[in-house]
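S.K.: The following block contains the structure, expressed as structure tokens.
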């Protein structure tokens, strides 16, 4: 399998991918990703070079967004001084479920973060999705805290505020990495 940067023409596939994941999550009783994601915001992240596609031939097997920018209101000022990269929108196609591709994508993200100079690979997960939280814990993340207030709509409840991190480190993820080399992070010490 090959991992590479997403391209603008991937927007339609990524939106369908997200809907597939949302449908599966609804079947598990979760409201995660129940609201449609704006195509223009997705295109902006693709154009910023932060969205990556895992391809198995002509089939998209998974995707992950990896950025040096934290969502506002989640991490403390002190935490934001630590070199970190943030995982978002990790998704694996249902036909590839059970192969730990998500775990391997996390390893790839941690390796890429390490090569960029990050100390931490961080994420925020759906606050009510305990199964997802257990998944991240099983993949070496440590729970930092849960932020429940300060959501995007009028500062109300936050739906994705379960924060976790693990060390950014080299990893043998097993993918052919065709993504451009990561840019080195710039952090004030």
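S.K.: Taking just the alpha-carbon atoms of segment 64-118, what radius of gyration and Dmax come out, in angstrom?
M.R.: When restricted to Cα atoms, segment 64-118 yields Rg and Dmax of 13.1, 41 Å.
S.K.: Subtracting the Cα-Cα distance from 0.36 nm times the residue separation, let me have the gained length for residue 2 to residue 40 in nm, one decimal.
M.R.: Net length gain for the segment: 11.1 nm.
S.K.: Gaussian network model of the chain, Cα springs within a sub-10 Å range: biggest mean-square fluctuation belongs to which of 44, 168, 93?
M.R.: Judging by the Gaussian network model, the answer is 44.
S.K.: What share of all Cα pairs of segment 76-170, in percent, falls into each consecutive 10 Å distance bin?
M.R.: Per 10 Å bin, starting at 0, the Cα pair percentages come out as 16, 45, 32, 7, 0.
S.K.: A further question on this structure: Which value at 222 nm does the chain reach when only helices count, each DSSP H run of 4 or more adding -39,500 (n - 2.57), with the total divided by all residues and rounded to the nearest 500 deg cm²/dmol?
M.R.: One gets -8500 deg cm²/dmol as the mean residue ellipticity at 222 nm.
S.K.: Computed over the Cα atoms of segment 1-128, what is the ratio Rg over Rh, Rh following Kirkwood?
M.R.: 0.95
S.K.: Spin-label point model (7 Å from Cα, Cβ direction): what's the residue 184 to residue 72 distance in nm?
M.R.: 3.1
S.K.: So if each residue of separation counts as 0.36 nm, and I subtract the Cα-Cα distance between residue 143 and residue 128, what length gain in nm does that give?
M.R.: 4.0 nm
S.K.: Please compute the length gained on full extension between residue 82 and residue 23, using 0.36 nm multiplied by the number of residues separating them and subtracting their Cα-Cα distance.
M.R.: Full extension of this stretch gives 17.6 nm more.
A short reminder: the numbers here are calculations on the coordinates, not readings from a lab. These figures come from a predicted structure and were not determined experimentally. Note that each Cβ is placed from the backbone with ideal geometry, even for glycine, and that neighbours are counted across all protein chains shown.
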